[in-house]
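J.: Just dropping this structure here.
The values are calculated or read from the model by the stated rules, or taken from the named source; none is laboratory data. These numbers were taken from a predicted model, which means no experiment stands behind them. Positions of Cβ are backbone-derived with ideal geometry, glycine not excepted, and every protein chain shown enters the neighbour counts.
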Amino acid sequence: MKKFLLLLAAILLTSCANKSMTRYETLSPTLEKKGFEATIAEVKKQKDDLYGSNSEFLYYYDLGVLHHYNRNFDESIKNLAQAEKVYEDLYTKSVTNEAAAVLTNDNTRPYRARPFELLTLYQFQILNYLAKMDIDGALVEVKRSQIAMNALYQKDKDKVNDNGFLRYLQALVYELDGDEDEAAIAYIKAIKAYDEGKMGLPKEVFEFATESLRRMEREDDIRALKKPELASTPKATAVHDMGQEIIVIGYAGHSPILGEMYLSGTFVSAGAMNLYYKDGETGNRVSFTLVAPPVPGAGSGTFHIGFALPEVRKHHSRVDHFEVSLDNKPRVRPEKVMAVDQELRQNMDDERNTVITRTAVRVILRTIAAQKAKSATNTGNGILDLLKNIFIDVGQSQLEQADLRVGLFLPGSFNMTRLPVEPGSHSVSVAAMGGSGGTVGVYSFDKIAVRKGQKVILIVPAIK
Amino acid sequence: MSKILTICLCACLMVLVGCGGKKVTRIDENSVTDLSGAWNDTDSRLVADEMITDCLNRPWYQNMIQQKNGIVPTVVIGKIRNKSHEHINVETFVKDMERALINSGKADFVANAEERAELRNELASQAGNATEETRKDAGQEIGADLMLTGTLNSIIDQEGGEQVIYYQVDLELTDIQSHKKVWVGDKKIKKFVSKDSVKM
């Protein structure tokens with residue numbers, strides 16, 4: 001009886017809802033209806049319930065991003081620095097946590113951040129310091145981001161650990177610091193990073209890169225990029241010659257979230273696992289085969305397995321892009337410089353096989369343990385044994401939860417345009433546009449004072 | 001079985017008692033404390049002391065004393081730029097250098113540009129508000145002979161959980177009249193930081 005109660009308690013403890021979904025369902029309506037300030041308050045108020053100690057990185061990361069949107073740059077810097085510290089401290093893996101994850105699910109491990117989340121952390125930090133006009137502070141973040149990127153490549157050189165927008169921002173900071181050599185190198189790396197990613201190279205990035213490289217007499221580097229060369233670089237030349245500019249950074253829409261996708265199939269230890277799932281977007285049944293690692297105690301029999309994995313789910317966003325008007329001149333459309341949905345999909349692709357293998361092995365180990373538990377706890381009473389076995393099976397399946405943790409408040413895309421201006425006062429109007437072309441909202445910036453040689457950053461957080 | 005339970009209970013209690021709670025211990029302000037491997041108060045103090053000592057013991061100093069008929073030179077601290085990978089409080093480092101300069105007794109030093117602007121505001125305020133006897137006159141500032149400027153740089157080499165951090169502080173003392181650099185000094189600090197890849 002004691003064993004039976006223990007089993008029941010275990011089931012009750014583990015059959016909680018996935019915290020990531022609860023977090024999304026709680027905070028998303030608050031952001032939509034009440035805005036950044038209220039969401040920040042809600043995140044702080046429900047820290048333990050919505051995040052917990054295993055998602056400490058996400059707690060500080062989400063807060064840092066929200067404070068950034070709310071133009072509270074000092075608080076954003078503080079929270080993102082804390083998230084960075086949590087990330088660095090998690091280099092040391094806890095054997096206890098890893099063992100717990102083998103027995104239960106990946107949610108019991110501390111969240112270590114996806115590479116693109118870490119890189120966006122540095123993007124936000126650079127932008128925070130630029131918005132505060134603290135060039136030295138921005139320069140420190142540029143260097144920290146380079147160290148972080150090197151570490152990511154050392155950890156896994158086969159994955160995409162670079163980011164074109166981050167490299168572009170690095171170039172911008174070096175330009176502001178007057179370090180034209182470093183800026184030129186950062187531009188080259190930005191182009192390479194965009195080529196490595198799926199989004200494609202924004203035209204404005206290439207124009208500014210070309211102008212910088214030509215000025216530094218690095219025509220060979222332009223040719224080595226193997227891109228159609230530009231005849232002229234009017235905007236980039238104007239920015240350089242005039243010396244001052246207004247930079248509009250627009251955050252359009254809401255990044256995708258992660259939902260659960262159910263996979264099932266067969267597993268033969270040290271053989272193959274054949275799995276299939278229903279594609280959430282196309283509705284097609286997709287099957288594939290992976291090499292199955294040996295699992296102790298599994299023998300050579302075929303196991304039928306089923307488990308949930310994270311899959312990218314689009315968040316319905318009303319804002320798709322922006323149109324910017326400087327001093328009532330005709331509108332220009334800032335280019336997309338980073339697409340978060342593509343970054344998340346790339347990350348899912350990079351990690352897919354590892355996550356599937358780890359989860360499948362865990363499910364097999366638990367199935368074997370459950371079978372042993374069933375035979376060891378038989379009482380001889382038919383009804384009681386049946387009930388107990390049902391509880392063991394239900395409990396076993398309840399333990400498996402996909403790790404759906406991801407930064408909750410990232411934009412769908414980062415958009416950027418650079419506007420050369422004369423020193424003096426300017427007005428900028430930024431229209432947030434929907435996918436079908438309608439205006440969702442207008443952000444007006446009046447009497448922007450631009451001093452000689454200054455680069456003014458305008459942040460437009462249309463996370464709608 | 002009951003013995004095992006008792007032992008487990010005792011072990012849990014010991015762990016619980018051993019965890020949590022904050023402990024504060026006062027330590028000597030000059031003691032060397034390295035926790036994270038980042039630039040800290042010890043680095044700031046040691047670099048400031050060593051570099052100012054080096055600066056004031058070079059030949060330029062005696063030459064200047066002779067030129068000024070025994071009067072010690074007046075120094076102003078200019079921009080010290082942080083070009084490292086860490087957010088370092090440069091102000092603390094500047095204060096450490098100011099302290100080292102004053103305590104040496106070998107140089108006078110005057111307020112920097114920011115402080116001077118504040119002092120001039122105060123002077124302007126006194127002109128309209130303070131009594132004639134206590135009012136301070138404008139145009140009586142001491143002009144500095146030399147300006148100290150510099151940069152703080154860092155290089156990182158890392159592999160896995162091991163990291164070598166190399167800091168280099170470069171300082172320059174420039175004659176404000178002639179723009180001649182009278183002294184250039186540097187101080188290097190190298191730190192090895194390692195992190196365990198696993199813990200219990």
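J.: Looking only at segment A:195-211, count every residue that is buried (at least 22 other Cβ atoms within 10 Å of the Cβ) and modelled with pLDDT under 95 and tell me the total.
T.: 0
J.: Now for a different question. Between A:L404, A:L408, A:L399, which is buried (at least 23 other Cβ atoms within 10 Å of the Cβ) and farther than 28 Å from A:E175 by Cβ?
T.: Exactly one residue qualifies, and that residue is A:L408.
J.: Out of (1) within 14 Å of chain A (Cβ to nearest Cβ); (2) at pLDDT 90 or above, what's the single condition that is false for B:Q140?
T.: (1)
J.: Inside segment A:295-346, can you point out the residues that are closer than 16 Å to A:T266 by Cβ and not β-branched (V, I, T)?
T.: A:A298, A:G299, A:S300, A:G301, A:F303, A:H304, A:G306, A:F307
J.: Could you say whether any residue in segment B:70-91 is within 14 Å of chain A (Cβ to nearest Cβ) and in a helix (DSSP H, G or I)?
T.: Yes, because at least one residue in segment B:70-91 is within 14 Å of chain A (Cβ to nearest Cβ) and in a helix (DSSP H, G or I).
J.: Tell me the residue from A:R362, A:R313 that is at pLDDT below 85, of a type in the set (D, E, K, R) and surrounded by 15 or more Cβ atoms within 10 Å (Cβ to Cβ), please.
T.: Criteria check complete, one pass: A:R362.
J.: Within segment A:423-433, identify whether any single residue is at pLDDT 95 or above, part of a loop (DSSP other than H, G, I, E, B) and under 30 Å from A:K329 (Cα atoms), and answer yes or no.
T.: There is at least one residue in segment A:423-433 that is at pLDDT 95 or above, part of a loop (DSSP other than H, G, I, E, B) and under 30 Å from A:K329 (Cα atoms).
J.: Determine which member of the set B:E132, B:E141 is within 30 Å of B:A48 (Cβ to Cβ) and either surrounded by 11 or more Cβ atoms within 10 Å (Cβ to Cβ) or of a type in the set (D, E, K, R) (or both).
T.: So the residue among B:E132, B:E141 that is within 30 Å of B:A48 (Cβ to Cβ) and either surrounded by 11 or more Cβ atoms within 10 Å (Cβ to Cβ) or of a type in the set (D, E, K, R) (or both) is B:E141.
J.: Look through segment B:175-197, keep the residues that are within 14 Å of chain A (Cβ to nearest Cβ) and not polar (S, T, N, Q), and return whichever of them is nearest to the chain's Cα centre (by Cα). Explain how you work it out, then say what you get.
T.: Step one: filter segment B:175-197 for residues within 14 Å of chain A (Cβ to nearest Cβ), giving B:193-197.
Among the residues that remain, those that are also not polar (S, T, N, Q) are: B:193, B:195-196.
Working: B:V193: 22, B:K195: 27, B:D196: 31 Å.
Only one residue fits best here, namely B:V193.
J.: Could you check segment A:316-340 and list, in sequence order, the residues that are buried (at least 16 other Cβ atoms within 10 Å of the Cβ) and assigned to a loop (DSSP other than H, G, I, E, B)?
T.: Matches in segment A:316-340: A:S317, A:R318, A:V319, A:D320, A:P334.
J.: Among the candidates B:E86, B:E91, B:E115, single out the residue that is surrounded by 15 or more Cβ atoms within 10 Å (Cβ to Cβ) and closer than 30 Å to A:D179 by Cα. Even if it seems obvious, please write down each step before you answer.
T.: Values: B:E91 fails: surrounded by 15 or more Cβ atoms within 10 Å (Cβ to Cβ); B:E115 fails: surrounded by 15 or more Cβ atoms within 10 Å (Cβ to Cβ).
One residue alone meets the criteria, B:E86.
J.: Right, another one. What are the residues in segment A:81-110 that are more than 30 Å from A:I364 (Cβ to Cβ), within 12 Å of another protein chain (Cβ to nearest Cβ) and of a type in the set (A, V, I, L, M), if any?
T.: A:A81
J.: Still on this structure, please answer the following. When both residues are 6+ apart or on different chains and their Cβ atoms are under 9 Å apart, which pairs have a first residue that lies in segment A:34-59 and is over 23 Å from A:P461 (Cβ atoms), and a second that is of a type in the set (A, V, I, L, M, F, W, C) and part of a loop (DSSP other than H, G, I, E, B)?
T.: Short answer, once both residue conditions are applied: A:E56/A:L90.
J.: Can we say A:E56 is more than 11 Å from chain B (Cβ to nearest Cβ), closer than 28 Å to A:G137 by Cβ and surrounded by fewer than 21 Cβ atoms within 10 Å (Cβ to Cβ)?
T.: yes
J.: Here's a follow-up. Condition first: assigned to a loop (DSSP other than H, G, I, E, B) and surrounded by 17 or more Cβ atoms within 10 Å (Cβ to Cβ). Can you find one or more residues in segment A:368-384 that meet it?
T.: Within segment A:368-384, not a single residue is assigned to a loop (DSSP other than H, G, I, E, B) and surrounded by 17 or more Cβ atoms within 10 Å (Cβ to Cβ).
J.: Moving to a separate point now. Picking from B:M147, B:M200, which residue would you name as being among the hydrophobic types (A, V, I, L, M, F, W, C) and more than 14 Å from every other protein chain (Cβ to nearest Cβ)?
T.: B:M147
J.: List every residue pair whose Cβ atoms lie under 8 Å apart, where the two residues are 6 or more positions apart in sequence or sit on different chains, the first residue falls within segment A:67-91 and is touching a residue at least 60 places away in the same chain (Cβ under 8 Å), and the second residue, located anywhere, is crowded, with 17+ Cβ neighbours inside 10 Å and charged (D, E, K, R).
T.: A:E84/A:R144
J.: Mind checking which residues of segment A:140-175 are under 22 Å from A:E335 (Cα atoms), within 17 Å of the chain's Cα centre (by Cα) and small (G, A, S)?
T.: A:G164
J.: Right, something else. Hey, could you check segment B:154-173 for residues that are touching a residue at least 40 places away in the same chain (Cβ under 8 Å) and not aromatic (F, W, Y) and say which is nearest to the other protein chains (Cβ to nearest Cβ)?
T.: So the residue we want is B:I156.
J.: Right, another one. Any residue in segment B:144-161 that is assigned to a loop (DSSP other than H, G, I, E, B) and over 30 Å from A:A99 (Cβ atoms)?
T.: So in segment B:144-161, the residues assigned to a loop (DSSP other than H, G, I, E, B) come out as B:144-145, B:160-161.
Filter once more, keeping what is over 30 Å from A:A99 (Cβ atoms): B:144-145.
Yes, because at least one residue in segment B:144-161 is assigned to a loop (DSSP other than H, G, I, E, B) and over 30 Å from A:A99 (Cβ atoms).
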